[in-house]
Amino acid sequence: MKNFKELGISSGFIKGLAELNIVEATDIQKKVIPILLGGTTDIVAQAQTGTGKTAAYGLPLLEQIDVNIKSIQGLILSPTRELAKQIAKQLFKFTKYSTKTFTEAVYGGEHIDRQISSLRRPTQIVVATPGRLIDLVKRKAINLNTVKTVILDEADEMLSMGFKKELDEILSFLPAVENKWLFSATIPHGIQEIISKHLAKDAQRIKVSQDHIVNKNISHQYVICDDSEKLYTLQLFLKSENENRGVIFCKTKAATKMLAKQLIAKNIATDAIHGDLQQKERDKVMRAFKNETLRILVATDVAARGIDVSGLSFVAHYQLPESDEYYTHRSGRTARAGKAGVSMCFVKTSEVKSLRNYERTLGIKFSQVK
């Protein structure tokens, strides 16, 4: 089964997808869509960022919505405002040639009153960050009594951002829920606890095989350099990429700010995102990066969550991440929508063993650049 018609998706949605150049289903879509269209079900799907998850759960959700009922029927939980906005936008695009389904995105960092008044309009799907959703429930500004399907997108990210208590709370107050769909790149212990507590014992488990988990179109490379040569080596790499755009990752806010300053001093169009930025400043940097005024974005792992910018040719690991899960999330920013990309690590000799570890756990291969 290759195309969406064979998977059981309606022609109106297929037309909307075709306009977005989405014609052939990805691995996760082929596996998940028939199950989700097949009736009431709980599912745990393990898939990476950039594998087409939004359509994998979004299309079956849209198929289920009764457009004549104006109350909330679907709830999608997302770790960041960027991702929440992006999911809502994609659902809107999928429905271009179908009866209108009303989706609202609610998230922190934005005036709650504005979101409350938006929710007074007929709303059938809500995309929310966990903290803001709980605020709205407490203010009685949202009614979740009619939610039939709840989707946890990037569940491991929500957990690592400290939302476990909120997720437990939200999953406990959905009286009419029939479907619980959980999507996660990794299944750490905390996610396993949520699955055991809130999902059916016979929940279906779908895992996109290991070689699909890290996108096959990413070329994993490394260069060995001392700390004293690192900035110069990075500049050589950026030069070799010509005008190509990408994200450079650091582990700390201080390192992120410092590196952005150093690159700006070398006349490279760069800016940084990290935890010290106000939401307004962060939005400004992201706008500049999306409209290509900036070539390079320097980011911490936490700040980069939910970033989705198309056409990035590379990610660079100026400092290696804390865990292999973070490596997967970082490298998933490039090589999206079937394009190729490079994930380049700048390491000291002593750090090469970390790369060997990624090779084993993630089923990838690194090549050394001399």
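Quick notes on this one:
- Taking the Cα centre of segment 58-128 as origin and assigning +1 to Lys and Arg Cβ atoms and -1 to Asp and Glu Cβ atoms, the resulting dipole is close to 240 debye.
- Sum of side-chain charges, T293 neighbourhood, beta-carbon under 10 Å (Lys, Arg +1; Asp, Glu -1): +1
- Charge-dipole axis of segment 222-323 as Lys and Arg at +1 and Asp and Glu at -1 on Cβ define it, positive-most pick from A272, V285, F237: V285
- Highest-first packing order for the peptide set 352-361, 317-326 is 317-326, 352-361, based on the mean count of other beta carbon atoms within 10 Å.
- For segment 68-112 and segment 190-249, distance of Cα centres in Å: 27 Å
- Within segment 196-273, GluC sites (Glu not before Pro) in DSSP loop having at most 12 other beta-carbon neighbours inside 10 Å: E243
- Once backbone amide H atoms are built at 1.01 Å from N, V106 has V127, A128, T129 as its partners under 5 Å, excluding neighbours fewer than 5 places away on the same chain.
- Diagonalising the gyration tensor over the Cα atoms of segment 4-212 and scaling each eigenvalue by 5 before taking the square root yields semi-axes of 24, 22, 16 Å, largest first.
- Estimated [θ] at 222 nm from DSSP helical runs (n ≥ 4, -39500 (n - 2.57)) normalised by residues in the chain, nearest 500: -12000 deg cm²/dmol
- Relative to the current alpha-carbon distance between E24 and S117, full extension at 0.36 nm per residue lengthens the span by 29.6 nm.
- Ranked by the mean number of other Cβ atoms within 10 Å of their residues, highest first, the peptides 122-130, 13-21 come out as 122-130, 13-21.
- Over segment 41-130: Rg over Rh, Cα atoms, Kirkwood Rh: 0.95
- Pairs beyond 18 Å (Cα-Cα), from K180/K207; K239/K370; K138/K280; K89/K165: K138/K280; K89/K165
- Alpha-carbon centroids, segment 16-38 and segment 272-294: separation in whole Å: 32 Å
- Whole-angstrom gap from segment 135-175 to segment 296-330, using each part's C-alpha centre: 26 Å
- Size of charge dipole - segment 214-368 - debye, nearest 20, with Cβ of Lys, Arg +1 and Asp, Glu -1, no other charges: 240 debye
- Per-residue 3J(HN,Hα) values for segment 296-303, derived from phi via the Karplus relation 6.51 cos²θ - 1.76 cosθ + 1.60 with θ = phi - 60°, read 10, 10, 9, 9, 8, 4, 5, 5 Hz in sequence order (x marks Gly and Pro).
- Most positive-pole-ward Cα, S228, L119, G39, against dipole of the chain from beta carbon charges: L119
- Taking Cβ atoms as reference points and 13 Å as the exclusive limit, the residues near F92 contribute a net charge of +3, counting Lys and Arg as +1 and Asp and Glu as -1.
- Per-residue extension of 0.36 nm, minus the Cα-Cα distance of T293 and E193, leaves a gain of 31.7 nm for this segment.
- Cut-off 11 Å, label 7 Å out along Cα→Cβ of N68, residues of segment 1-42 by amide N: none
- Within a Gaussian network of the chain (alpha carbon springs, distance under 10 Å), most fluctuating of Q278, Q64, Q86: Q278
- Length added when fully stretched, S172-R139, from 0.36 nm per residue minus Cα-Cα: 10.1 nm
- GNM top mover of V106, V150, V23 - the chain, alpha-carbon springs below 10 Å: V23
- Net charge of neighbours whose Cβ lies under 15 Å from the Cβ of A141, counting Lys and Arg as +1 and Asp and Glu as -1: +3
The numbers here are math on the coordinates, done by the rules we state, and not lab data. Keep in mind that what you see is a predicted model, and the values were worked out from it rather than measured. Glycine gets a Cβ as well: all are built from the backbone with ideal geometry, and neighbour counts include every protein chain shown.
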